[in-house]
Amino acid sequence: MQELSKDEAMAFIKTKKYGNLALCNKNQPYSIPIVYTHTNTALLLYQRSRGRTLEYLEANQRACFEIHDIKGFLDWTSVIIEGWISRVTDPAELRESLRTIEKNINLIDGSYEETARAIASGRVGGVYKILMEKVSGVQSSE
């Protein structure tokens with residue numbers, strides 16, 4: 001196993017679109033696979049539902065996000081991001097975050113406006129931002 005430099009880990013983050021979000025509430029962990037995109041300092045996540053994920057992040061804003069690429073037993077890479085997660089509520093930041101998500105995960109052009117309205121009305125979950133406090137990664141050495 002070989003550690004990745006921060007630059008290598010950041011480069012890896014930019015090549016993927018899916019990861020696993022881990023949250024904790026009252027000593028009960030919870031992890032879900034979720035689509036993400038990135039800025040230089042944060043991960044942006046779109047969660048359509050308003051269920052358990054929202055309940056957990058309202059209770060505890062610490063988050064861990066794991067991204068991996070496993071090609072085989074001896075050929076894999078994994079990056080862990082630790083930080084603070086928050087719901088994006090500012091209307092301008094929400095629209096900009098949705099534009100970034102739309103661009104980076106190939107959503108239908110212009111769909112962010114409708115999604116922003118649905119989030120503002122409470123019909124769907126929302127956009128969340130993880131400020132990347134710590135980024136670490138490892139890969140197989142063979």
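Can you tell me which of I119, I67 is modelled with pLDDT of 80 or more and either buried (at least 18 other Cβ atoms within 10 Å of the Cβ) or aromatic (F, W, Y) (or both)? Before the answer, list the steps.
Details: I119 fails: modelled with pLDDT of 80 or more.
The conditions single out I67.
Tell me the residue from I13, I85 that is of a type in the set (A, V, I, L, M, F, W, C), in contact (Cβ under 8 Å) with a residue 60 or more places away in the chain and within 26 Å of A118 (Cα to Cα), please. Reasoning before the result, please.
Values: I13 fails: within 26 Å of A118 (Cα to Cα).
When all the criteria are applied, what remains is I85.
Any idea which of (1) out of contact with any strand residue (DSSP E or B) (no Cβ under 6 Å at 6 or more places or on another chain); (2) exposed (fewer than 13 other Cβ atoms within 10 Å of the Cβ); (3) closer than 24 Å to T115 by Cα is the one G72 doesn't satisfy?
(3)
So V35 fits all but one of (1) out of contact with any helix residue (DSSP H, G or I) (no Cβ under 9 Å at 6 or more places or on another chain); (2) more than 20 Å from S140 (Cβ to Cβ); (3) of a type in the set (V, I, T); what number is the exception?
(1)
Under 17 Å from the mean Cα position of the chain (by Cα), at pLDDT below 80 and either of a type outside the set (A, V, I, L, M) or not in a strand (DSSP E or B) (or both): is that true of E102 in this structure?
Details: under 17 Å from the mean Cα position of the chain (by Cα): yes; at pLDDT below 80: yes; either of a type outside the set (A, V, I, L, M) or not in a strand (DSSP E or B) (or both): yes.
Criteria met by E102.
Go through the residues of segment 48-62 one by one and say whether even a single one is in contact with a Ser or Thr (Cβ under 6 Å, 6 or more places away or on another chain), touching a residue at least 40 places away in the same chain (Cβ under 8 Å) and buried (at least 16 other Cβ atoms within 10 Å of the Cβ).
no
Determine if segment 7-25 includes at least one residue that is in contact with a Cys (Cβ under 9 Å, 6 or more places away or on another chain) and within 17 Å of Q139 (Cα to Cα).
Scanning segment 7-25 turns up no residue that is in contact with a Cys (Cβ under 9 Å, 6 or more places away or on another chain) and within 17 Å of Q139 (Cα to Cα).
The values are calculated or read from the model by the stated rules, or taken from the named source; none is laboratory data. Predicted, not measured: the structure shown is a model, and the values here were computed from it. Every residue, glycine among them, receives a Cβ derived from its backbone with ideal geometry; neighbour counts consider all protein chains shown.
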